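Handing you this structure, nothing more for now.
The values are calculated or read from the model by the stated rules, or taken from the named source; none is laboratory data. Worth saying up front: this structure is predicted, and the values here are computed from it rather than measured. As a convention, Cβ positions derive from the backbone with ideal geometry for all residues, glycine included, and neighbour counts pool all protein chains shown.
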Amino acid sequence: MDFSISDELTALRASFATFLEREVRPVEDRFAAEFGRGEHTEPMRVAAGAIKRRSCAEGFYAAYLPEEVGGWGLSNLGMTLLVEDAARSGMRFALSALGPPDPAAPTPLLLELPEHLRERYLTPLMRGEATMCFALTEPEAGSDAQAIRTRAVRDGDSWVLDGTKHYITNGDRADFAVVFAVTDADKRAHGGITAFVVPRDAYTVTKTQYTIADTHPVEIVLDGSRVPVDHVLGEVGFGFYAAMRFLNAGRAFIGAQCLGMAQWCLESAIAHARVRTAFGKPLARNQAVSFPLAECKVEIEAMRWLTYHLAWAVDQAAASGAAVPMLDSSIVKYFNTDRAYLVADRCVQVFGGQGLLRDGPVEAALRHLRMLRVVEGASEVQKLVISRALGL
Ligand SMILES: Cc1cc2nc3c(=O)[nH]c(=O)nc-3n(C[C@H](O)[C@H](O)[C@H](O)COP(=O)(O)OP(=O)(O)OC[C@H]3O[C@@H](n4cnc5c(N)ncnc54)[C@H](O)[C@@H]3O)c2cc1C
């Protein structure tokens, strides 16, 4: 076993760190007051878009996509390290500089588009000029995603889609949606669900769903939405496998986000515990404060190695053409979201009242991490996968 990070990836991390300090830090400082008031204003969204385009120009944003479509063909491990570093910086604009784990960003799923449509849909995403959304979940089908009801029926040279999707991140701002619909009700997940690219003008946004976190998904309705036959991703009937590939491969990035956020919370709490005094001594001199932080360190190291191992396994699978190992992917999704939330919660406690303030360092992380325990497969769904792998 070789646990070292290559010189190339170490150099890449250093150049990304420089990018964050040069391009993101000043923007973060400029909007400090807005963050303190818990605001997410249009100028902040514009600033996030500018960071994204700068990152696209420098190559970081979609580095994990192949060179032939404008990426660097960066390994999953390489992209995972960048996501970790962005999250660990504690800058709330930092993840705007990277595609993953944002479902609005370009995805390898789009490589399954016919060649002539890549220019129209994938290229603007690679340049940071467009965004997409991933529309699988429905009011009656979340954890049990194969139970979706949205239908697609072939009509001449088109497919006609009808149904409702909800909790769709970026559905209101996306230029197009990747929509999963039933094309054969008997086969469902096993050859009966197809993925379609649906342009924004072919669906309606019906409501915004405000959440605990700073991301607010929307409900979208497909009502006789017509798309040309070439807007199918991959093979007709095999969209569910594509959805699972998308989710499994993306879990190293969610794992890395949790790992980075947990490290940021711990580092902030350690700094606070050393200087804040109560009862005549620094907080850190109480083992009731220092021991939970020691436990955080242990949880973080466990997250780190599970995450890096998954990223490595995704790279091995890609090299051999094998499927991404579902068990490893579920272990990381469950463990990292669960433990990072625990770490953030312990750190909030160390900060006391300051930990609850909107402009405090860990409050936003705590809310975001709570959300991650539900989205893209709740913890219990991951445990279902793990227990099945155990033959249970
Ligand atoms: C902020 C946010 C953003 C999202 N973004 C997207 C997106 O961009 N695209 C998209 O398609 N979806 C998106 N989702 C949907 C998300 O993936 C689902 O919410 C998630 O998969 C859970 O589905 P559900 O909410 O329908 O919960 P349900 O399926 O109703 O499950 C509720 C709870 O029941 C438990 N549970 C379910 N099944 C089992 C079981 N078999 N055994 C034990 N316990 C179980 C779990 O604790 C689960 O949390 C988003 C959701 C949120 C909140």
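Name the residues in segment 341-377 that are within 16 Å of the ligand (Cβ to nearest atom) and not in a loop (DSSP other than H, G, I, E, B), would you?
Residues satisfying the conditions are Tyr341, Ala364, Ala365, Leu366, Arg367, His368, Leu369, Arg370, Met371, Leu372.
A follow-up question, please. Using the structure shown, decide if Ala104 is at pLDDT 95 or above, in a loop (DSSP other than H, G, I, E, B) and touching a strand residue (DSSP E or B) at 6+ places or on another chain (Cβ under 7 Å).
Yes.
Going by the conditions given, is Glu39 under 28 Å from Tyr167 (Cβ atoms) and outside any helix (DSSP H, G or I)?
It is true that Glu39 is under 28 Å from Tyr167 (Cβ atoms) and outside any helix (DSSP H, G or I).
Under the condition of being surrounded by 24 or more Cβ atoms within 10 Å (Cβ to Cβ) and under 20 Å from the mean Cα position of the chain (by Cα), which residue from segment 136-167 is nearest to the ligand (Cβ to nearest atom)?
Filtering first and then ranking leaves Leu136.
Continuing with this model, one more query. Could you check segment 126-148 and list, in sequence order, the residues that are in contact with a strand residue (DSSP E or B) (Cβ under 6 Å, 6 or more places away or on another chain) and either not in a helix (DSSP H, G or I) or not assigned by TED's automatic domain parsing to the domain that holds His190 (or both)?
Passing the criteria: Met132, Cys133, Phe134, Ala135, Leu136, Thr137, Glu138, Pro139, Ile148.
Here's something else I'd like to know. List the pairs whose first member sits in segment 5-21 and is over 16 Å from Asn76 (Cβ atoms), whose second member is surrounded by fewer than 17 Cβ atoms within 10 Å (Cβ to Cβ), and whose Cβ atoms are under 8 Å apart, counting only residues at least 6 apart or on separate chains?
As it stands, the answer is Phe19/Glu58, since those pairs meet every condition given.
Moving on to the next point. Tell me the residue from Val221, Val178, Val227 that is buried (at least 20 other Cβ atoms within 10 Å of the Cβ), within 16 Å of the ligand (Cβ to nearest atom) and touching a residue at least 40 places away in the same chain (Cβ under 8 Å), please.
Criteria check complete, one pass: Val178.
Could you figure out which of (1) modelled with pLDDT of 95 or more; (2) assigned to a helix (DSSP H, G or I); (3) hydroxyl-bearing (Ser, Thr, Tyr) isn't true of Thr206?
(2)
Right, another one. Identify, from the list Ala249, Ala243, Ala273, the residue that is at pLDDT 95 or above and either surrounded by 20 or more Cβ atoms within 10 Å (Cβ to Cβ) or not assigned by TED's automatic domain parsing to the domain that holds Glu39 (or both).
Selected residue: Ala273, the only one of Ala249, Ala243, Ala273 that is at pLDDT 95 or above and either surrounded by 20 or more Cβ atoms within 10 Å (Cβ to Cβ) or not assigned by TED's automatic domain parsing to the domain that holds Glu39 (or both).
Does segment 15-70 hold any residues that are among the basic types (Lys, Arg) and over 20 Å from Ala130 (Cβ atoms), and which are they?
Within segment 15-70, Arg22, Arg25, Arg30, Arg37 meet the criteria.
Being surrounded by 15 or more Cβ atoms within 10 Å (Cβ to Cβ), more than 16 Å from the ligand (Cβ to nearest atom) and closer than 27 Å to Gly38 by Cβ is true for just one of Gly171, Gly191, Gly128. Which residue is that?
Gly128 is the lone residue from the list that is surrounded by 15 or more Cβ atoms within 10 Å (Cβ to Cβ), more than 16 Å from the ligand (Cβ to nearest atom) and closer than 27 Å to Gly38 by Cβ.
Farther than 19 Å from Ala271 by Cα and touching a residue at least 40 places away in the same chain (Cβ under 8 Å): which single residue out of Val324, Val343 fits that description?
When all the criteria are applied, what remains is Val324.
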